[in-house]
Structure formats: structure tokens, C-alpha cells
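Report on the following structure.
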């Protein structure tokens with residue numbers, strides 16, 4: 001018998017024949033072990049002997065034992081050794097190699113590491129006795145453990161940068177280093193694999209590190225033989241495969257044994273009987289298995305979704321030896337794509353795995369169905385897609401939207417998707433558009449407006465089954481709204497046709513559904529509001545984002561809907577959803593699964609709540625800080641209170657906004673007082689109501705004169721360094737014919753500018 005010792009980082013022993021499609025893993029815990037072998041964490045390992053040392057990076061002195069290539073670039077931070085820039089530098093220079101070197105008489109080294117570098121260009125490398133042991137680049141954390149021959153070893157940790165560029169945190173970190181020393185030991189472990197109805201075993205693979213000798217015997221005897229051990233022979237017949245592992249090196253480890261055997265017969269067939277593409281409720285499922293060899297009771301049916309695994313024991317409606325029909329009705333409540341996985345195993349252990357996918361859910365819906373978004377470039381609104389199972393409607397997961405088709409019809413913004421949400425982003429233009437989504441044979445739509453204005457809402461009227469027609473106070477039909485839970489009419493949201501421009505009239509509007517139900521509601525002028533305070537809190541234990549009143553009363557009766565999202569500056573990381581705020585009902589909360597549509601960058605991450613009022617006003621509250629992105633993201637339970645300003649109106653006139661207070665007389669603005677040190681503007685008018693003068697803190701800023709026909713003939717603008725007076729002359733057709741401006745600078749020097757306009761006949 002020939003014995004072979006092989007020392008590799010990963011020992012792979014593959015016997016002569018190729019692997020079959022299905023392989024199995026030996027249970028290492030069942031191996032018979034001598035006193036020097038232990039089974040821990042899924043591995044067979046020799047016991048370690050005495051002797052260890054740990055280096056904790058809890059003070060700068062922890063670096064004293066190391067030889068550093070540039071000692072002033074290595075520092076100790078938060079229990080780790082880290083490469084940092086020198087004083088006065090903005091970054092770690094490119095093209096350098098920053099290393100720590102240490103010599104120890106040991107047989108094992110272990111430490112944690114964090115790498116945050118420019119991917120594929122800047123590297124963290126670990127050397128043992130001048131040979132590269134590990135190398136990483138990009139964003140990575142982990143632990144390195146190396147078993148060594150006992151004796152002196154030189155260890156070197158290196159951060160190597162290329163000649164240009166950086167990304168991520170641009171550094172590496174090394175955690176506590178543990179050294180172990182001990183004597184070389186030996187040990188033996190044996191195990192038995194029962195193939196049952198096997199004709200011949202084909203191949204064997206052993207994953208190990210260190211010095212491990214592997215021998216095998218194939219027989220029909222379940223007891224471990226004491227003779228006839230062979231080195232890696234294949235094609236041996238027998239029900240049992242015996243494996244013998246002999247360890248003769250400190251720290252030797254076997255992490256897995258994989259084997260394969262040829263079985264008699266052919267795999268059984270799997271047929272999905274009458275499986276549909278989509279079900280509105282829990283389906284009746286039938287699966288048929290066929291095989292002349294009969295079936296093992298290990299055959300099973302799994303119904304799976306991302307993050308779940310629901311195993312059913314179906315009713316066997318045809319237990320014949322060569323045919324088995326599984327019929328069952330799984331209790332599924334959440335909408336989305338499900339996969340049926342059938343594992344068919346016959347009496348000879350031949351197996352076949354087949355899978356089919358179906359969608360559970362009835363009609364599709366977009367939430368919210370109507371929204372108003374500020375027209376400002378970058379203003380964003382998210383939408384969730386939901387489906388109905390029976391009477392229960394739930395939001396679809398991101399994985400369910402892989403086949404979703406999205407079409408946006410709006411020239412005032414763009415529609416796009418990230419993760420499980422659909423977003424509309426405004427571009428500065430005012431307009432109205434439609435978002436349409438399609439999944440399988442289902443379609444849902446939502447209307448988006450970047451206008452502002454008045455709104456009316458039907459409360460406590462669910463028109464989800466019927467479309468709604470809207471009539472003005474004068475009886476003119478102005479809108480045809482799709483069926484929806486909460487009925488809203490926004491000024492500028494509906495298609496008013498010839499009545500465009502008249503929809504903003506306050507008054508009593510009629511809402512009428514196709515089933516004959518009707519209700520009247522008032523389209524009110526923008527309501528009077530005061531400074532509001534809201535509070536957003538994040539409970540990371542339950543992963544909830546909640547929204548509630550703050551330290552001062554919040555009039556939620558005027559809030560039409562609220563959205564919650566996770567963001568970082570102007571970047572939206574994940575949209576949590578938009579919900580209607582109903583009068584008298586509990587304020588909404590949102591579940592958060594700690595996943596993001598975008599990858600966050602370094603910096604603080606917040607929860608936000610976005611409010612929209614019946615007056616068309618939009619306010620965003622930066623709420624709870626949920627963490628700071630470093631490596632990794634650390635979540636914190638915090639609460640934050642933020643003032644949300646809503647403009648104050650009185651009799652349709654703006655009285656106060658976030659920056660100014662306004663005063664009126666006979667409907668005309670007579671003063672504007674700044675709230676942030678801008679001063680006070682006053683306005684004067686003539687008997688005809690024409691503006692004649694504007695003062696700032698009592699100093700004239702602008703004045704104008706008019707002739708008997710009401711035409712402006714003179715205008716003067718005053719500033720700190722100049723005075724500009726303009727004269728206007730009109731022709732017989734009352735068209736502006738001539739204009740002259742006299743500009744006087746702070747030194748009294750004058751310049752003139754004249755403009756002559758063509759006569760009416762000349763301009764034809």
C-alpha cells in the first residue's frame with residue numbers, strides 16, 4: 001500500500017470518474033474520532049496545544065512592536081490599526097506602500113480586517129515569510145486564520161496604492177491579532193456512508209487544510225474494516241463506503257466530504273396538471289409523478305417565495321406504485337410570485353427536481369392613485385404596486401416586480417424604478433401626466449400633477465369598484481376619475497377640457513359614481529394654517545417608521561396624504577410608501593426591511609416624511625437619523641422633531657409664509673415684513689389703484705407716474721450705488737414709441753440710453 005501526504009491550502013481529491021449531477025455530503029459529526037480530534041463549527045480539527053498571545057490596538061503603544069514603513073501613517077482608531085494621512089494632508093498619497101512587519105515564534109495567526117479601497121487598483125495584502133497569503137481590494141470585511149509549521153515567522157500587513165485615484169474610505173483596518181503556539185499532534189477519524197441501493201460509487205472530494213491522509217474501502221459491511229484500505233480508488237462496488245482520515249499536522253482541518261454514486265434506473269417524471277399563470281386566491285394545485293420503480297416517501301413539494309420556505313404535505317390522490325398524484329390547496333395570503341418546487345424520488349433513490357412559477361393576486365393597483373408633486377427640479381414622489389388576494393390588498397415586493405412594465409406620460413418629469421418602488425422626479429415644469437404599470441394581464445394607473453392649488457376630498461366613501469364623475473357648481477362635467485378608495489379632486493389634476501381655468505372656483509362640487517351613489521363636497525379656498533410641528537421616529541427593533549404629532553398641536557385634518565422614505569441628502573435610498581391621512585384615524589406608520597434601492601455613500605442617513613395638504617401645499621420633514629454610513633451601517637434608535645411650515649391665508653389672501661408677513665387694505669398689499677432680517681417693504685397706490693411707490697424701511701426703492709389715460713410715463717429705481725429713471729412716450733395708437741433711461745451712478749455721473757420703437761405701419 002502506497003501512502004501519499006499532500007500539503008495544500010485546499011486539498012481536493014477527485015477520483016477517476018466525473019461527478020454526477022446530484023452529490024451528497026457526509027455528516028462529519030458522525031465520524032468516529034480519537035482523543036486528539038474535535039468536531040466544531042462543521043469541521044474535524046486536531047486539538048490545539050497551549051500558548052497564545054493577543055495584540056490589542058487600544059493605544060498607540062500597541063504599534064511599538066511593529067516595524068512600520070512609514071510610522072506616521074499608521075494610527076490606532078476604535079480598537080484597530082489603520083492607515084491615515086499625515087497632518088496637513090487631505091488624503092493618503094497615491095503610489096505608496098504602507099506596511100507593518102512583526103516576527104513571532106508561533107504555529108497559527110488570526111485577525112480581523114476591513115478593506116475599503118479603490119476596487120482592483122488599491123490592495124490590502126498579507127504576507128507570511130515573504131510569500132503572499134491573502135490579497136483583497138474594494139469593499140470587504142472578514143477574518144484571516146493561518147495554520148503554520150511551528151517556528152519563527154515574519155508577518156507583514158501592507159496597504160498598497162496605485163499611481164492615481166481613490167474611492168470608498170481609501171484605507172485598511174486591522175483588528176486584534178491572535179498568535180498560537182503548540183506541539184504537532186496526530187489523530188484519526190473514520191466514517192461510513194450508506195448508499196443503500198447503489199451499484200457503484202464514482203467520486204470523492206475532501207476539503208481540508210494542513211496534512212491529512214485520506215483512505216477508503218467499499219464493502220457491504222457496515223462496520224469499519226481494519227484492513228484493505230485503499231488510496232483514492234474508484235469504481236468499487238458495495239453498499240457502504242468507509243472513509244479514514246489521518247491527521248499529522250498542527251491545526252489540520254477537514255471541512256467537508258462530498259461523494260457521488262451511480263444509481264440504477266432513470267429519474268421519475270414530474271407533471272404540473274392545469275397550472276395557471278395567475279390566481280386571484282389560494283390555488284388548487286395538482287402535481288403528477290410517474291415512474292415504474294415506485295416512489296420513496298422522501299418525495300416532497302415546496303412552495304417558496306424570497307425569504308420564505310413553505311413546505312406542504314399534499315394529499316396523495318393516486319398512491320399507485322408507478323404513479324403518484326399530489327393534490328392540495330395551499331393557504332397563501334401574500335400577493336406575489338410563488339415557485340412550486342417538486343422533488344420526486346423513486347425507490348432506487350433516483351431523483352428529479354422540477355419547478356414552476358405562478359403569480360398570486362387579483363387586480364393591480366398603484367398607491368397613491370392621485371398625487372401632487374412640487375414642480376421644482378428633483379422633487380420626487382414614490383409609488384407602490386399592490387395586488388389583491390381575496391379581500392386583502394398588500395404591496396408587492398421588489399422581487400415580484402421583475403416583470404413589471406412601466407410607462408410614464410409626462411413632459412414635466414421622468415418615471416423610473418429602483419428596487420421595489422417606482423419614482424416620479426419633477427423637472428421644473430408644471431403639468432399633468434399618467435403613470436401606467438402592467439404585470440401579466442393586469443394594469444394600474446396613477447395621475448400626477450406638478451401644479452398647486454385647491455382640492456376637495458370625499459371622506460368615508462369607498463368607490464374602489466366604480467369610476468367617479470365630477471361636476472362643477474354650475475353643473476359642468478370636468479373630470480372622469482378612475483375607481484379608487486379615496487376620491488380626490490385637485491385643481492389642475494383632472495382633464496377639464498374646455499373648462500380649463502375654471503376648475504379652481506370654490507363651491508359645491510358633485511361626485512357621482514356609476515352605481516348611482518353621489519355626494520357633494522366643497523372645493524374650499526386654501527385653509528388658514530399656523531406653524532406646524534411633526535415628529536418622525538424610527539424603531540429599529542420593530543423596523544417601523546412612525547409619524548405623529550410633535551410638541552405643538554398638528555391639524556392633520558387638512559393633510560391629504562403622507563409619504564415616508566429613507567434618504568441621504570437629495571438621494572432617495574428607499575421609498576417606504578404613501579398613505580392617506582384620514583380624519584380621526586390613527587396616523588400611518590411604515591415597515592422598513594433595512595434594504596435600499598440605492599447604495600448609500602458615507603454620511604448620515606435619515607427617515608423623511610412628506611406631507612401634502614388639501615390646499616396643495618407640500619412639506620418635507622427630515623426626521624429620525626437612523627445611522628451613519630461607515631463600514632458597516634450602524635442603526636440607531638433616535639427621534640427628531642422638525643418644524644413644518646404651512647402658509648397662512650385669510651379670505652384667499654396670503655398672510656404669512658416661511659419668510660414674510662403680509663398686510664392688506666381693500667384687497668391690496670400695503671406692507672411686507674421680513675421674518676429673517678429682510679426689513680419691511682411698504683406699498684403706495686393712486687386713486688385708480690395703480691402702484692406708485694415702494695419703500696424699504698422708509699427709504700424709497702421705486703416710484704412711478706401715470707398720465708390721464710393710465711399709461712406709465714415715468715419710473716425710477718433706487719439702489720445703493722445707482723439711480724435709474726426711465727421715461728415712456730406713446731404714439732397715436734397708444735403703442736409705446738420711445739423710451740429713454742437716465743442712469744446716475746454713486747459719483748453723480750450720468751449715462752443715457754434711448755430706444756425707438758417702430759410705428760404700427762412699419763411693424764406690419
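The values are calculated or read from the model by the stated rules, or taken from the named source; none is laboratory data. Only a predicted model underlies this, so the values are computations on that prediction, with no experimental measurement involved. Backbone-built Cβ (ideal geometry, glycine too); neighbour counts: all protein chains shown.
Descriptive notes on the structure:
- Whenever a residue of segment 335-356 is at positive phi, its partners that are assigned to a strand (DSSP E or B) and surrounded by fewer than 18 Cβ atoms within 10 Å (Cβ to Cβ), lying with C-beta atoms within less than 9 angstrom and at least six residues away or across chains, give the pairs 336/305; 336/394.
- In segment 373-392, the qualifying residues are those that are surrounded by fewer than 21 Cβ atoms within 10 Å (Cβ to Cβ) and within 16 Å of residue 278 (Cα to Cα), and the one that is modelled with the lowest pLDDT is 390.
- Taking segment 639-727 as the region of interest, the strands (runs of 3 or more DSSP E) fully inside it that hold 2 or more residues being modelled with pLDDT of 80 or more and either surrounded by 14 or more Cβ atoms within 10 Å (Cβ to Cβ) or touching a strand residue (DSSP E or B) at 6+ places or on another chain (Cβ under 8 Å) (or both) are 653-656, 660-665, 668-674, 680-685, 691-696, 699-706, 712-718.
- Any chance residue 343 is at pLDDT 85 or above and farther than 30 Å from residue 565 by Cβ: yes
- Checklist (1) at pLDDT below 85; (2) part of a strand (DSSP E or B) applied to residue 428, failing item: (2)
- Hits in segment 740-752 - residues which are under 60 Å from the mean Cα position of the chain (by Cα) and at pLDDT 90 or above: 741, 743, 744
- Some residue of segment 380-397 being within 25 Å of residue 281 (Cβ to Cβ), part of a loop (DSSP other than H, G, I, E, B) and free of Cβ contacts under 8 Å to residues at least 12 places away in the same chain: yes
- Cβ pairs under 9 Å, 6+ apart, first in segment 708-720 and on the phi < 0 side of the Ramachandran plot, second part of a loop (DSSP other than H, G, I, E, B): 709/734; 711/734; 712/690; 713/707; 720/746
- Members of segment 333-357 found to be under 30 Å from residue 467 (Cα atoms) and crowded, with 17+ Cβ neighbours inside 10 Å, listed by number: 334, 335, 336, 337
- Any hit, segment 321-330, residues being assigned to a strand (DSSP E or B), crowded, with 17+ Cβ neighbours inside 10 Å and under 38 Å from the mean Cα position of the chain (by Cα): yes
- Residue match in segment 192-202 (condition: surrounded by 15 or more Cβ atoms within 10 Å (Cβ to Cβ), at pLDDT 85 or above and within 24 Å of residue 350 (Cα to Cα)): yes
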